[in-house]
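The values are calculated or read from the model by the stated rules, or taken from the named source; none is laboratory data. As the structure is a computational prediction, the values presented were derived from the model and not from experiment. A quick note on method: Cβ atoms are made from the backbone with ideal geometry, for glycine too, and the neighbour counts reach across all protein chains shown.
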Amino acid sequence: MAQGFQTDPDAIFHCASGTERQREEVPRLARALEHVEIPKGAFGKLPESDELHASYKEHAHAAQQDIHDIAELLQGAAEKLRAVAGHYVAGEYATRDGFGGGSVSV
């Protein structure tokens, strides 16, 4: 590795595990939010209240899609973190082997 620069693959693997745990929480949050329904009358009785309710429903639907997207993003991040950590470990082994063996501190 470069002078003064060290990477701890275990820390990266740990971060990936934490990211996966966060991803596992997303469906629970989605289920809790999907049952939240604001009745049409909650926006008042003026004609504009119908437009407000329709806008609310659009935003609520978009938020559900955003939650789905967050789950995918977290899953992808965890996979990439594991790949990066794996590359660091493989690089350490290749460096060790290139210099004739010895132990690798990863």
* Asked: Does region 3-10 include one or more residues that are modelled with pLDDT under 90 and of a type in the set (Val, Ile, Thr)?
  -> yes
* Would you call residue 23 under 28 Å from the mean Cα position of the chain (by Cα) and farther than 30 Å from residue 93 by Cβ? -> no
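Scan region 1-29 for residues that are in a helix (DSSP H, G or I) and either over 27 Å from residue 71 (Cβ atoms) or not aromatic (Phe, Trp, Tyr) (or both) and report the count. Outline the logic, then answer.
Just the residues of region 1-29 that are in a helix (DSSP H, G or I), to begin with: 9-29.
Cutting the leftovers down to either over 27 Å from residue 71 (Cβ atoms) or not aromatic (Phe, Trp, Tyr) (or both) gives us 9-12, 14-29.
Residues in region 1-29 being in a helix (DSSP H, G or I) and either over 27 Å from residue 71 (Cβ atoms) or not aromatic (Phe, Trp, Tyr) (or both): 20 in total.
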* Asked: Are there any pairs, at least 6 apart or on different chains, whose C-beta atoms fall under 8 Å, with the first in region 88-106 and on the phi > 0 side of the Ramachandran plot and the second part of a helix (DSSP H, G or I) and at pLDDT 75 or above, and if so, which?
  -> 102/96
* Structure fact -> The one condition residue 37 fails out of (1) farther than 30 Å from residue 82 by Cα; (2) part of a helix (DSSP H, G or I) is (2)
* Asked: So, in region 48-93, of the ones that are under 23 Å from the mean Cα position of the chain (by Cα) and charged (D, E, K, R), which residue ends up nearest to residue 10 (Cα to Cα)?
  -> 82
* exposed (fewer than 10 other Cβ atoms within 10 Å of the Cβ) and either modelled with pLDDT of 90 or more or hydrophobic (A, V, I, L, M, F, W, C) (or both), is that true of residue 26? -> no
* Conditions (1) within 21 Å of residue 75 (Cα to Cα); (2) assigned to a loop (DSSP other than H, G, I, E, B): number failed by residue 32 -> (2)
